[in-house]
Amino acid sequence: MEQHEAQKNEYNIIGTRPIRHDGEDKVTGRAQYGADISFPDQLYGKVLRSPHAHARILSIDTSKALAMPGVRAVTTAEDLPRLKDRMVAGEAGAENIRYVTERVLASDKALFEGHPIAAVAATDPWIAEEAVKAIEVKYEVLTAVTEVRDAMKDDTPPLHGELTTETLGEKSKKATNIVRHTRHKRGDPDKGFAEADLVIEREFETKTVHQGYIEPHNATALYRSDGQITLWTSTQAPFWVRRDLAELFDIPLSRIKVVPMEIGGGFGGKIAVYLEPLAILLSKKSGRPVKMIMTREEVFYASGPASGTVTRIKIGVKKDGTITAATAWMAYEAGAFPSNWAMVGSMCVLACYRLENLQIDAYDVLTNTSKVMAYRAPSSPQAMFGVESIIDEIAIKLDMDPLELRLKNAVQEGDRRADGPKFHRIGLKETIRAAMESEHYKSPLPSGANRSRGVASGFWFNAGMQSSATVGINMDGTANVTTGSVDIGGSRASMAIMAAEALGLTAEQVRPIVADTDSIGYTDVTGGSRTTFATGYAVYEACQDVIRQLKTRVAKLWDVQEDKVEWGDGAFHHVDNGKSPMSVGDLGPKLEATGGPVMGHGTVNPKGVGAGFGIHIADIEVDPDTGKVTILRYTAVQDVGQAIHPAYVEGQMQGGATQGIGWALNEEYIRDAEGRMLNPGFLDYRVPTALDVPDIETILVEVPNPGHPYGVRGVGETPIVPPMGTIHNAIARAIGLRMRSLPMSPPKVLHEILQRGQTVEAAAPVTS
Amino acid sequence: MSTNRMVSTTINGEDMALIIDDRMTLLDALRDRAGLTGTKEGCLSGDCGACSVIMNDRVVDSCLVMAAEAEGAAIVTVEGLADGTELHPLQRRFLEQAALQCGICTPGFLVTAKSLLDRNNNPSAAEIRLWLAGNLCRCTGYDKIIRAVEGASADLRAAKG
Amino acid sequence: MAVVHIPALILDLTDGEDSIEVEIAPDARMTVRELLAEVERRHPGVESRLLDNGELVPGIAVFIDGEQSRAGLHANAGPESEIHFIPAVVGG
Ligand code: FES
Ligand code: FES
């Protein structure tokens, strides 16, 4: 581990690797995930989904289904309140509640394959399935448009008759599929390009991809006769689910309790509501708990994947490698309802480079596909892929080391982001240097034909947002820490570590709890790499509250003024050393006699979020006969701030890199001319298996974030960004082919090899 | 229409009689009839391995086996790996080496890895990867899983002496 | 001098000026809403693109000195402050 800044190494618990508190239950099969909850009288719900990517719904006849023995309820869009246009908080900014309603259950148009039309609850899942088939729907099939380029054409009919393009507060006159145009501009790009010695402009394409969490969406709902609703579900954001449901049903938040079950992966895809409102409607009608689980096919075509994109990137440099200007044009698939992912991508695309002259234009585009949702560092991978390719091309043309070129142009504290604000303390330069110094990068290039090495960088903002925590001190001096942040990958352990550090306990003496929405204060999503940062901050604050209260107790016990009591090194001390120190453990048994229980509260909405940067290095080999790319060696380097539990930090980097490798090499939605997905299964979609990826080496660069009491910086998202560029650049250097369309799958690579004939560009090895 | 029948099997060493619906998979029967929800569902098509169990000494995707086929079979699920309060070395290593993040794939990996180690107590990393290729993990990137299996295999060899 | 950065898409309303300086006395404070009103006075039309019924247009956040401000239009700016109007981002 690389360590920066002097304040380091003073921690007792932070930086150690205790066993996670929920681990035992997860290795013995006892942990309760969403699908594991059952009630004796539960019904099973199934969804009727549109087989067409675009169709007008002429009629829905549910009478035959309702008449079937065992069917207890059928619901359609008619059962949802028809709400007026109103912008409500959404996953990537605000969204119109009318579209949320329409997405959950289609009323007059099916806008994507898998769009829910109706749902059924029955006494067993087979009856529910039969009943779904017995619902008669008449459609008028319309032309589906699933590619961004097609959807943007002037003569393509708009999906929603009334939607116009929003250009910062102004709407276009004409209805269109372009939801929004975002622009960032600085300096004079034309002048910058004129000053350049080398200008490269290229177009890139990426396909729709899915988060691919192994656990399908699920929801179990109970609507009581008094109108109280309890929902058990696997979600990253129980409080957001509650908010969305309250908006959809137009009821107070206090009527809904969301119980977050253990969650089998999310990566941004388990934030929006899908089955939840359907289960509630069915429970309301039947008076019984209703359990619903998506099939894998449903997950693929009807949850929220990541945008397919088209980008055009142009970068100009001086002979010495200084970038003089850059422009980006980007179009992102929004899915069937307005979303903001191009807007987000526009803020990532040039984030790694110091630029005087730039212009970015980004377009969010409606398509007949399921609404795009967040996927780990959402929008950044597609945006940065093209930039990282061109930077590598420039390095080759200028005969510069590609990391040297990046270092020369890297942003640091005080430099402006492309969208304007200045960066705070960031560690991109430290990360690039660590990559240059790494054993991997210094090792000789892999020997043999069609082999080489690639590098690329990645960026993610990381998020702050609101979190709540309580800390209760037990009578023996151990502690319970309760938060509202779902534990998707070991965050209970991080919370316990930070509380233990703050209270002078061991990680094992702290019991971390994830509470439901009735039992803890408001807490935003587990996502945006914010949990360890913001919820950790709330835990820290709650612990400080505990220390304040305990100080009073110590003063009482010592019969001194409070200002004579000091906290430090995990214990209370008398400032004049007149007493032997007291730890939290010592105080536990004395609480009752000194005033009763002690409980600390922490609520935060913190500033000081630290952005994350990473560099990946890959050695690869291309098989010229099959087009298959094999990764020989892979290293992920990242500024992780202070690593709280290094094993889970490494795990985030390895997991993110692997998702990125899948995105780079194999994963894509393949659709037919009617807009139907042809590969809605793990194997056909090609999620990487243990055979597809090598060991992933990790180098943790620790540049503490001054905005957090323990220096925490978000970690989880950045590592999915560099792999596409890294592997793309390695392929280019191995066989001289720039694969500008993802995925770089064997058929596509082979096709390019065959197209090229003999030689075009000579392979250029990385120097090291 | 449904037909129910009784299936007698041995699950984790205990004889059990389960009343099952003929349309049920072994996965359904384990989860909904035997109450053993440690075996997970990820795809129902044999692609992900979350539902892996050992049936008569072979790893199977329980979503692809009909419950009725379990008649007379001996089945081991994740709930059967620990020996009383003593975790299996694989379980311990998964915990110590952070080989799980969300944990939904973990039961399948543990069961599949156990069947590997039952056969071969000193597999190479490549053999482990090959054996586990039918189990998908979307969180960890596999690295720490492979390391944990290596660790458990060393533990098992050490215990044998 | 507080500096209000003008989003690229409405530069036509400020004759291409991408940052507008507003005098704030030392120790004094102005809310972002007040700053915007001042910009509007000099360059009519800006406000109507950033505000909708008196509130920020959906999806746009106020950043002061590189930090997203939770208080939005009510946030206080000082003489050295830099104000941006840019999209709010969460993540996955
Ligand atoms: S659920 Fe059986 S293999 Fe996926
Ligand atoms: S730990 Fe989440 S799928 Fe493996």
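The values are calculated or read from the model by the stated rules, or taken from the named source; none is laboratory data. No experiment lies behind these values; they were computed from the predicted model shown. When we count neighbours, we look across all protein chains shown, and the Cβ atoms used for this are built from the backbone with ideal geometry, even at glycine. Surface accessibility is based on the protein's heavy atoms, side chains included, excluding ligands, DNA and RNA. Shrake-Rupley method; radii C 1.70, N 1.55, O 1.52, S 1.80 Å.
A P(r) calculated from all alpha carbon pairs of the stretch A:464-604, with 10 Å bins opening at zero, reads 13, 43, 29, 13, 2 percent. Averaged over peptide A:286-297, the number of partner chain Cβ atoms lying within 10 Å of each residue's Cβ comes to 1. Around the Cα centre of the stretch B:4-80, unit charges on the Cβ atoms of Lys, Arg, Asp and Glu (plus for the first two, minus for the last two) sum to a dipole of about 60 debye. For the pairs A:K319/A:K442; A:K26/A:K284; A:K138/A:K291; A:K133/A:K291, flag any whose C-alpha to C-alpha distance is greater than 23 Å. Exceeds cut-off: A:K319/A:K442; A:K26/A:K284; A:K138/A:K291. Out of every Cα-Cα pair that the protein assembly as shown contains, those further apart than 57 angstrom amount to 11 percent.
Where Lys and Arg each count +1 and Asp and Glu each count -1, what net charge lies around A:E621 among other residues with Cβ under 10 Å from its Cβ?
Overall, the nearby charge balance is 0.
Inter-label distance, A:R98 to A:D476: 6.1 nm, where each label sits 7 Å from its Cα along the C-beta direction.
Residue by residue along A:685-694, Cβ atoms of other protein chains within 10 Å of the local Cβ number 6 on average. The spacing between the stretch B:22-47 and the stretch A:590-638, judged by their C-alpha centroids, is 33 Å. Of all DSSP bridge pairs formed entirely within the stretch A:464-604, close to 75 percent run antiparallel. D by Stokes-Einstein for the stretch A:1-132, Kirkwood Rh over Cα pairs, 20 °C, 1.002 mPa s: 111 µm²/s. Buried accessible surface for the A/C pair, both sides summed and rounded to the nearest 100, is 2700 Å² with a 1.4 Å probe.
Using a 10 Å cut-off around each Cβ of peptide A:415-421, what is the average number of partner chain Cβ atoms that fall inside?
6
The charge dipole of chain B, taken about its Cα centre with unit charges on the Cβ of Lys, Arg, Asp and Glu (plus for the first two, minus for the last two), comes to roughly 500 debye. Distance between the modelled labels on A:I670 and A:S63, one decimal in nanometres: 4.4 nm (7 Å Cα→Cβ projection). Looking at chain A, the DSSP beta bridges with both ends there are about 75 percent antiparallel. For the stretch B:4-80, the convex hull spanned by the alpha carbon atoms encloses 70 Å³ per residue.
Charge dipole (Cα centre; +1 on Lys/Arg Cβ, -1 on Asp/Glu Cβ; no other charges) of the stretch A:80-202 amounts to roughly 540 debye. Percent of Cα pairs in the stretch A:603-698 per distance bin of 5 Å, from zero to the largest separation: 2, 10, 17, 18, 15, 13, 10, 8, 5, 2, 0, 0. Straight-distance candidates among the aspartates and glutamates for linking to A:K109, with alpha-carbon spacing under 17 Å and chain neighbours fewer than 8 residues away dropped: A:D61, A:E78, A:D79, A:E136, A:E140, A:E162, A:E674. Its Cα gyration tensor gives the stretch C:2-87 an equivalent ellipsoid; the semi-axes, largest first and in whole Å, are 18, 15, 12. In this structure the protein assembly as shown gives 35 Å² per residue of accessible area when probed at 1.4 Å with all protein chains present. Of the Cα atoms belonging to the stretch A:67-136, the radius of gyration and Dmax stand at 14.7, 45 Å. Taken as entire DSSP H runs, the helices of chain A that both span 30 Å or more between Cα atoms along their own long axis and average -1.0 or more on the Kyte-Doolittle scale are A:536-558. Of the GluC sites (Glu not before Pro) found in the stretch C:31-84, those in coil by DSSP whose Cβ has at most 15 other Cβ atoms within 10 Å are C:E80.
Using a simple spin-label model with pseudo-atoms 7 Å out from Cα toward Cβ, A:E592 and B:S124 lie 6.4 nm apart. Our note on the geometry: Cα centres of the stretch A:374-411 and the stretch B:73-133, 40 Å apart.
Would you mind checking the tilt of helix B:143-160 against the longest principal axis of the Cα atoms of chain B, expressed as 0 to 90 degrees and rounded to 10? Orientation of helix B:143-160: about 90 degrees from the principal axis.
Listed by chain and number, the lysines whose C-alpha is less than 16 Å from the C-alpha of A:K556, apart from same-chain residues fewer than 8 away, are A:K564, A:K579, A:K590. Let me test this: with uniform point scatterers at the alpha carbons of the stretch A:383-488, what is the Debye-based log₁₀ I(q)/I(0) at q = 0.21, 0.22 1/Å? The computed values of log10 I(q)/I(0) come out as -1.22, -1.29. For chain A, which whole-number percentage of the solvent-accessible area (1.4 Å probe, protein heavy atoms only) is attributable to carbon and sulfur atoms? Here it works out to 48 percent.
Expressed per residue, the C-alpha convex hull volume of the stretch A:287-433 stands at 165 Å³.
When every Cα-Cα distance of the stretch B:89-160 is counted in 5 angstrom steps from zero, the calculated P(r) takes the values 3, 19, 33, 28, 12, 3, 1 percent. Between A:R224 and A:V560, the contour length at 0.36 nm per residue exceeds the alpha carbon distance by 115.5 nm. Checking every one of the chymotrypsin sites (Phe, Trp or Tyr not before Pro) in the stretch A:257-348 against DSSP loop status and a limit of 10 other Cβ atoms within 10 Å picks out no site at all.
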